[in-house]
Amino acid sequence: MIFLNAAIIKNEAISLLCDGLQDNNYINVSDYTKYAVKRGLRNADGTGVMAGLTKICSVEGYYIDDGEKVPKEGHLFYRGYDINDIVSGCQAENRFGFEEVIWILLFGSLPTADQLERFNTYLAEMRELPDNFTEDMIMKAPSPNIMNKIARGVLALYSYDDNPDDTSIENVLNQSLRLIAQLPSIMAYAYQVKRRHYYHKSMYLHPTKASHHTAEGILNSIRSDKTFTDAEAKLLDICLMLHAEHGGGNNSTFATRVLSSSGTDTYAAIAAGIGALKGPKHGGANHKVAEMLDSFREGCPDITDEGYVADHLRKIMRKEAGDGSGLVYGMGHAVYTLSDPRAVILKEKAKEFAMGTEFENEFRLLEHIENLTPALFTGVTGKSKTMCANVDLYSGLVYKMLRIPEDLYTPLFATARMAGWCAHRIEELYTCNRIIRPAYKSLSSHSEYISLDKRDKNT
Ligand code: COA
């Protein structure tokens, strides 16, 4: 009872404090225009403010003609290599490509066959977590969200590093390779702990196998019987390749670069990236797509019927269905306009694996969402925005077909993006040498400080 009363009093106090908080924190959106401040670091046409230079990646979704933003098909280049060519090149040679992508991102060129083989062995040798790390840092204090758990895992690795604060390139590269190699195990074990603690299911911790590529290792660790087909592992490998990097401006990479620019350690900088990626407007959108599909199954009489799907989409945009945000997850992008090349590849793969199976209807539903959303968005909001499916629309279906639990959708994104974050951290440390420190215009007026006994007691 005492606790209950305390909770009620606490809630009332919080509610009162919130009133003041809202009054004192409200900033009119029109003030951004008034003071020429770029909200969200965006220009008026939605393009990003130029915040840095990079040689790692190029994300192309529009061009500027006579000062006007003109939509175009999307292209993604890792160190100048078209992602389509990297993926199709690996497919043509029927080999895994994620490790090659890590090499390209970190070292800037294509590895030779010998370099790639030695790199694979090197990563495999690094996969083992430090002694007692699993018992002390993963098994204890389970988390309902694996993203928080892996961020904590990354921060905890600081304590197992003999030289954690050394920001020399050699040391940061060494730390980066370890993180890239070890995050899949941290993710898989964190999920097992969640399974046991929150789902009351048995937990299995499979040891890593040196002969496995990253994608194989992940399937080995999350399947109770450790079995998977080569086609399944290669499909997951493509997902990892596509999620590995996306330029310096994406939210989590920028966060990693911001922290790196202060000179902080690798673990702190990378944990910030993981925290940013969790957000539903960023990597967390793949999880949100899965939730949105549930809302279609509950609220839409026939998910294969375009008319019913359109009705439900309108409800989502009017905030009458879905999570109430008005967002159609998996749609829209800050750079891409006509197409997101990653979504194009994932859609093709999803179709290949879904047709003629129990997943065909879900594929059809996603296709309807992709086709219908742009026009409906304009109809419902009156805003014109060239909008396409993004990487998160079809990735969840691919993972579902691979029998990967929903809890791991966003952590898998993090596992792949670790390569990009590390490449950008190294570039930031190696070349920029300026703390990222933009300015905020203050809208507060100066106030006179009054001693406690003279303050109005009624406020
Ligand atoms: N569904 C509904 N409305 C959307 C939308 C979507 N998918 N994408 C953008 N909008 C709306 C925004 O809410 C905003 O409305 P407002 O002016 O009333 O605030 C308007 O369109 C412009 O949005 P903006 O945030 O400037 O677009 P953006 O290009 O910067 O946003 C995303 C990019 C990805 C954040 C945005 O498209 C989004 O939230 N998509 C859904 C989440 C998602 O799939 N994220 C994964 C990205 S890979």
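The values are calculated or read from the model by the stated rules, or taken from the named source; none is laboratory data. Fair warning: this is a prediction, and the values are worked out from it, not measured in the lab. Note that we place each Cβ from the backbone using ideal geometry, even for glycine, and neighbour counts take in every protein chain shown. What goes into the accessible areas is simple: the full protein's heavy atoms, side chains included, and nothing from ligands, DNA or RNA. Shrake-Rupley method; radii C 1.70, N 1.55, O 1.52, S 1.80 Å.
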Which one of these does Leu327 not meet: (1) without any contact (Cβ under 8 Å) to a residue 40 or more places away in the chain; (2) within 16 Å of the ligand (Cβ to nearest atom); (3) open to solvent by 50 Å² or more (accessible area, probe 1.4 Å)?
(1)
Matching residues in segment 10-53 - criterion: being of a type in the set (Asp, Glu) and in contact with a strand residue (DSSP E or B) (Cβ under 7 Å, 6 or more places away or on another chain)
Asp45
Can you pull out every residue in segment 306-316 that is within 14 Å of the ligand (Cβ to nearest atom) and open to solvent by 20 Å² or more (accessible area, probe 1.4 Å)?
Arg314, Lys315
Please verify whether segment 266-276 includes one or more residues that are touching a Leu at 6+ places or on another chain (Cβ under 8 Å), in contact (Cβ under 8 Å) with a residue 40 or more places away in the chain and open to solvent by 20 Å² or more (accessible area, probe 1.4 Å).
yes
So which residues in segment 180-206 are buried (at least 16 other Cβ atoms within 10 Å of the Cβ) and touching a Phe, Trp or Tyr at 6+ places or on another chain (Cβ under 7 Å)?
Gln192
Can you name every residue in segment 419-436 that is in contact (Cβ under 8 Å) with a residue 40 or more places away in the chain and open to solvent by 90 Å² or more (accessible area, probe 1.4 Å)?
Tyr430, Arg434, Ile435
Give segment 150-179 a look and list any residue that's closer than 22 Å to Phe98 by Cα and open to solvent by 70 Å² or more (accessible area, probe 1.4 Å), or say none.
Arg178
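For segment 231-238, state whether one or more residues are surrounded by fewer than 17 Cβ atoms within 10 Å (Cβ to Cβ) and modelled with pLDDT of 95 or more.
Filtering segment 231-238 down to residues surrounded by fewer than 17 Cβ atoms within 10 Å (Cβ to Cβ) leaves 231.
Next, only the ones that are modelled with pLDDT of 95 or more stay: 231.
Yes, there is a match, as at least one residue in segment 231-238 is surrounded by fewer than 17 Cβ atoms within 10 Å (Cβ to Cβ) and modelled with pLDDT of 95 or more.
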Being under 23 Å from Ala233 (Cβ atoms), open to solvent by less than 10 Å² (accessible area, probe 1.4 Å) and within 10 Å of the ligand (Cβ to nearest atom) is true for just one of Ala350, Ala389, Ala343, Ala354. Which residue is that?
Ala343
Matching residues in segment 368-386 - criterion: being of a type in the set (Ser, Thr, Tyr) and open to solvent by 10 Å² or more (accessible area, probe 1.4 Å):
Thr378, Thr381, Ser384, Thr386
Filter pass, Ser395 being in contact (Cβ under 8 Å) with a residue 12 or more places away in the chain, among the hydroxyl-bearing types (Ser, Thr, Tyr) and within 14 Å of the ligand (Cβ to nearest atom)
yes
Within segment 399-417, does at least one residue satisfy the condition of being open to solvent by less than 50 Å² (accessible area, probe 1.4 Å) and over 27 Å from Ile146 (Cα atoms)?
no
Test set (1) among the polar types (S, T, N, Q); (2) within 14 Å of the ligand (Cβ to nearest atom); (3) touching a helix residue (DSSP H, G or I) at 6+ places or on another chain (Cβ under 9 Å) - Thr378 fails condition number
(3)
State which residue is most open to solvent (accessible area, probe 1.4 Å) when the search covers only segment 278-305 and only residues that are in contact (Cβ under 8 Å) with a residue 40 or more places away in the chain and more than 10 Å from the ligand (Cβ to nearest atom).
Lys278
Those residues of segment 43-73 which are open to solvent by less than 40 Å² (accessible area, probe 1.4 Å) and in a loop (DSSP other than H, G, I, E, B), in sequence order:
Gly46, Thr47, Ile56
Members of segment 298-325 that are at pLDDT 95 or above and either under 21 Å from Thr410 (Cβ atoms) or hydroxyl-bearing (Ser, Thr, Tyr) (or both):
Tyr308, Ile316, Gly322, Asp323, Gly324, Ser325
List, please: which pairs have Cβ atoms under 9 Å, are six or more places apart or on different chains, and start with a residue in segment 112-130 that is in the same structural domain as Ser159 (by TED's automatic domain parsing) and end with one that is acidic (Asp, Glu) and assigned to a helix (DSSP H, G or I)?
Leu116/Glu99; Leu116/Glu100; Phe119/Glu99; Phe119/Glu100; Asn120/Glu99; Leu123/Glu99
Before we move on, is His243 under 27 Å from Ser88 (Cα atoms), within 16 Å of the ligand (Cβ to nearest atom), open to solvent by 10 Å² or more (accessible area, probe 1.4 Å) and touching a helix residue (DSSP H, G or I) at 6+ places or on another chain (Cβ under 8 Å)?
no
